[in-house]
Amino acid sequence: MTQPETLRWVGQTDGHLELLDQTCLPTQVVEIECLTVQEVWEAIRVLRVRGAPAIGIAAAYGVCLSLRPILETDPDSPQRWQSAMELAIKACDHLATSRPTAVNLFWALQRMRDAITEIQSTTTACGSSRDLAQRLLREACTIHEEDRQQCASIGRHGAQLLDDLPAGSGFLTHCNAGALATGGDGTALAVLYALAAQGKRPHVFADETRPLLQGARLTMWELAQRNIDATLLCDSMAAQVMREGRVRAVITGADRITNGGDTANKIGTYGLAVLARAHSLPFYIAAPTSTFDLTLDSGDDIPIEQRPAAEITTSFGCRTAPEKAQVYNPAFDVTPAELITAIITERGIIQPVTRESVSQLVAD
Ligand code: MRU
């Protein structure tokens, strides 16, 4: 079975963004059209599109949608040039408020801002909105294509790193760091797909990933599309599975990595790293270099998204806690660098994970 695309731009500059609505998986495969910046903002906010690289790409396409009203009426009018610029910048500002933790969102929006600045500085008097729209769409498509290629490289580097493990080895993963979370084949899952392509038959243990069940709903669905052997676990079962010797390594994605290697990822990841250390198992992070935030010295400085209490008390429409229960619902946690065996990037492997090795591989 071929997996529908996570996101794609349809048409030319006056086109639109199509998203696979991940809130409907695994029971329904629904594709939605986003025609406005606000629709993209909402899709990111409620996790119709999610995963660090994918929200960056969606936001970049979202900026392109800001020019749609002008393109429909006055694409070549020099009088509309200034308002076109303003609309695009306003879209960048607005989309940046959709989610706070994954740095890929801000990284992609910065690339769109740079494209706006570039066209502003190279246009002598008043340009046309059509030119700006073409430049923005070109940038968004490039971000998308680069991510596709980076996923493939992460897969190759990761499979090389894990080359010594016997065929049929078990791997524990958390949340969804696959094709549904990126513009390509994923990060952590790309490594496992690359192993599968080499005939290594990886067996994936997927944590269900409370409260929104990205592991159960999305990773298990994605692995089934690709005929990868997989077993679903409740989050609380990880320690037991490690103790029983069923997994040889833990591998997850990331939402933001500091200059010292501290890594924010889906809530529960930190606990897995602690458990992996207690069971002498390697703990790997797979992420593109766009997930690094070199301005941050410590994981404590990573903004952690707090999500609505209802995600825990009313799981998928069914009340699972008393009406007035107090709730704490951070969407991410931070794994300190010292618990991470290696970080697999598109440029190669960071091991050991130190400030020096991060800087060596990631700083341009
Ligand atoms: O809240 P989500 O579903 O956007 O969280 C996603 C994750 O934590 C992923 O592990 C991370 O973004 C890596 S995606 C390649």
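Quick rundown of the values:
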quantity: Test: R130 is touching a helix residue (DSSP H, G or I) at 6+ places or on another chain (Cβ under 6 Å), more than 16 Å from the ligand (Cβ to nearest atom) and in the same structural domain as L19 (by TED's automatic domain parsing); calculated: no
quantity: Filter result for the condition that a residue is assigned by TED's automatic domain parsing to the domain that holds P308, in contact with an Asp or Glu (Cβ under 8 Å, 6 or more places away or on another chain) and outside any strand (DSSP E or B), over L189, L232; calculated: L189
quantity: Segment 107-131, residues that are open to solvent by 30 Å² or more (accessible area, probe 1.4 Å), in contact (Cβ under 8 Å) with a residue 40 or more places away in the chain and assigned to a helix (DSSP H, G or I); calculated: W107, R111, R130
quantity: Lone unmet requirement of (1) part of a helix (DSSP H, G or I); (2) open to solvent by less than 40 Å² (accessible area, probe 1.4 Å); (3) more than 14 Å from the ligand (Cβ to nearest atom) for G155; calculated: (3)
quantity: Some residue of segment 247-261 being of a type in the set (V, I, T), surrounded by 20 or more Cβ atoms within 10 Å (Cβ to Cβ) and within 10 Å of the ligand (Cβ to nearest atom); calculated: yes
quantity: Number of the exception - G199 against (1) in a helix (DSSP H, G or I); (2) more than 21 Å from P53 (Cβ to Cβ); (3) open to solvent by 10 Å² or more (accessible area, probe 1.4 Å); calculated: (1)
quantity: Exclusive hit being modelled with pLDDT of 90 or more, of a type in the set (D, E, K, R) and within 16 Å of the ligand (Cβ to nearest atom), set R48, R68, R111, R138; calculated: R48
quantity: Selection within segment 132-141 - open to solvent by less than 80 Å² (accessible area, probe 1.4 Å) and without any contact (Cβ under 8 Å) to a residue 24 or more places away in the chain; calculated: R135
quantity: Residue count, segment 142-151 (criterion: free of Cβ contacts under 8 Å to residues at least 40 places away in the same chain and under 30 Å from T209 (Cβ atoms)); calculated: 3
quantity: Of all residues in segment 158-177 being of a type outside the set (A, V, I, L, M) and closer than 16 Å to T231 by Cα, the one that is surrounded by the fewest Cβ atoms within 10 Å (Cβ to Cβ); calculated: G168
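The values are calculated or read from the model by the stated rules, or taken from the named source; none is laboratory data. Just so it is clear, the structure is predicted and the values come from calculations on it, not from any experiment. Cβ: placed from backbone, ideal geometry, glycine included. Neighbour counts: every protein chain shown. Side chains are part of the model used for accessible areas, which takes the heavy atoms of the whole protein and leaves out ligands, DNA and RNA. Shrake-Rupley method; radii C 1.70, N 1.55, O 1.52, S 1.80 Å.
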